[in-house]
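Taking it in order: structure first as structure tokens, then the write-up.
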Amino acid sequence: MGVIAVWFGIACAVMMVVITQVTGPWIRRTGAKTVGEFLGHIFGKKSGIMISSVNAALGIAMTCLEVETIAVTLSFLTGWEYTICAVIGGILAMLYVLLAGMKEIAWLNLINAIVMYVALIVVFICLCFELPGGWDAVQASVEANPDTAWFTSIFGNSALIIGFAIPNALGASLFHGMAQTGYQPVATAKSNKEVKKSLWYAGPINGCFCIIPALIGLAAFSIVAYRDAGSMMMTPAMIIDLLPKPVVALLAAGFLGVDLSSFAVMALAPATCISHDMYTLYKPNASERTKTKMSRVLIIVIGIISILICNFQPAPVEMVNWIFSFGVPVFVMAVIGIWWKRSEKAAVITFILSWIAVCVWSTFGLQNYLGWTNFNVNYISLIFALAAGVITTAVLPGKKGLFVGRKRA
Amino acid sequence: MQMCMETIAYTILLVFAITAVGYGQKRPIEIGTVTKKMVTFQCLQSESGEVY
């Protein structure tokens, strides 16, 4: 893919704008603790629970991906078998969440991000001296082959911009913009002002994160000896071979820290959805203490599920986009319900139609059958959500939008 | 090295442009239609006893 991979980071910057400037403050102002609760305010309790259930399932899927990355990092560190690393990594990750509170996790996330950035910068500087022929040789080697010449430019391949960069930004922004995974850190902030200001570090930190990994990956690809190790192992092979041991250890520690932080956020999100939105259906008067206990039990259950299925997952980028596509109709209907009209029937019909379209296109393989590899599943989800959402909302009866009343007040 | 510099420069430029535009756009979205009116909205809801 080459340095065009930095678009994944740029997509994250767009996502942070949506979360911190638009949807985060909207949800906070209604006092909702979960996105399901917020959607319940808009469309009614049933659709709120429906979204919470889907969000919880998607959050668990994201957690499985995090366990996979922890297992790869541990395997890189120790040389142990991937499955053993998945078990140890999963247990470590569960302890990381269970032994810490929200504040500790927030601080650890910040420390982990700093360690990761420092490690990546150190690796980049070391590679400037250790790469055979330096970065100019990397560029010359990749550009010598017409099939890979575009690898050296972030605007190099228009097909990938359409099939990878744009749908990534779209999916990440719309999914996390109206999902517990995106709202969880926003919900714990002191004030809306703090949330909005946080964009100035959340945007650049997330947005620039992919630069050095993309360059390191390209360096490994440019050297035939490492390229032969395969796409997953060529970068670790090059790093171990070329860099001093303390730098390798720093990088691995940085990666492990970030993986654990991501696991914490991803596991807390579905646990909160289930304990606050679903458990309260059976025990409406459950105390906050009981819900917290419930969340802790759920984190263990989610961790065990993640360990069990981390050997059976598709490629991470495909899986992430598939997960994102389920959030697209939720975002579309939330905007319609806030600013235009609220119809629970319209919302439920739109969700179901869009999710069926996602399953037919991606899960059951219509995209591969037709050979439309660049027509990302997020486009399909957006088209169905907009068409079904606008038509059903226009036709079916409903209340005025949740925030429309405020304009008239 | 030129490739590295170009990648770093373009990405930082794009990321900060997105951040600045996003932060700059908050006023028309938030202040005019959300923040100011929300207070009245919540009070009215509370008085009428309507539960969302």
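Rule-based calculations on the coordinates, nothing more; no lab input. As the structure is a computational prediction, the values presented were derived from the model and not from experiment. When we count neighbours, we look across all protein chains shown, and the Cβ atoms used for this are built from the backbone with ideal geometry, even at glycine.
Okay, here's what the table says:
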| item | result |
| --- | --- |
| DSSP-loop trypsin sites (Lys or Arg not before Pro) across region A:260-303, with at most 13 other Cβ within 10 angstrom | none |
| Protection proxy ranking, peptides A:63-73, A:190-200, average beta carbon neighbours within 10 Å, highest first | A:63-73, A:190-200 |
| Contact order normalised by residue count of chain A, Cα under 8 Å, 6+ apart, percent | 30 percent |
| Non-local Lys pairs in region A:263-409, i.e. 8 or more apart or on different chains, that have alpha carbons under 24 Å apart | 8 |
| Net charge contributed by nearby residues that have their C-beta within less than 14 Å of A:Phe221 (K/R +1, D/E -1) | -2 |
| For A:Arg342, distant residues with modelled amide H under 5 Å away | A:Lys399, A:Lys400, A:Gly401 |
| Calculated [θ] (222 nm, deg cm²/dmol) that DSSP helices of n ≥ 4 give over chain A, each run adding -39,500 (n - 2.57) | -23500 deg cm²/dmol |
| Integer Hz, Karplus 6.51/-1.76/1.60 couplings in order for region A:188-194, x for Gly and Pro | 8, 6, 5, 8, 5, 4, 5 |
| Region A:145-228 - Debye-derived log10 I(q)/I(0), Cα point model, q = 0.15 Å⁻¹ | -0.78 |
| Translational D in µm²/s for region A:308-409 (Stokes-Einstein at 25 °C, 0.890 mPa s, Kirkwood Rh from C-alpha pairs) | 166 µm²/s |
| Computed P(r) (all Cα pairs; region A:133-277; 10 Å bins; percent) | 9, 27, 30, 23, 9, 1 |
| Mean Cβ count within 10 Å, highest first, over the residues of peptides A:222-229, A:163-170, A:387-394 | A:163-170, A:387-394, A:222-229 |
| Which of A:Gly389, A:Ile161, A:Met15, positive extreme of dipole for chain A (C-beta unit charges) | A:Gly389 |
| Region A:19-60 versus region A:225-284: alpha-carbon centroid distance in Å | 26 Å |
| Full-stretch length increase - A:Phe129, A:Thr78 - with 0.36 nm per residue and alpha-carbon distance subtracted | 15.7 nm |
| Cα gyration tensor category, rounded, prolate or oblate, for region A:34-179 with a/c compared to 1.5 | oblate |
| Average Cα contact separation per residue, region A:301-409, under 8 Å, 6 or more apart, as relative contact order % | 40 percent |
| Phi to ³J(HN,Hα) by Karplus 6.51 cos²θ - 1.76 cosθ + 1.60 over region A:22-34, Hz, x for Gly, Pro | 10, 6, x, x, 4, 5, 4, 5, 7, x, 6, 8, 10 |
| Cα-based Rg and Dmax for region A:1-77, where Dmax is the largest Cα-Cα distance (Å) | 16.9, 49 |
| Prolate/oblate/rounded call for region A:219-377, Cα gyration tensor, a/c under 1.5 rounded | oblate |
| Region A:174-256: relative contact order in percent, alpha carbon pairs under 8 Å with at least 6 residues between | 12 percent |
| 31 Å tail of the calculated P(r), the protein assembly as shown, as % of Cα pairs | 44 percent |
| Leading residue at positive end of dipole, region A:255-313 (Cβ point charges), from A:Met278, A:Gln313, A:Val265 | A:Met278 |
| Gain upon complete extension [A:Ser53, A:Phe312; 0.36 nm per residue less C-alpha separation] | 91.0 nm |
| Test item: A:135-144 mean partner chain Cβ contacts at 10 Å | 2 |
| Shape call, region A:250-333: gyration tensor on alpha carbons, a/c limit 1.5 | oblate |
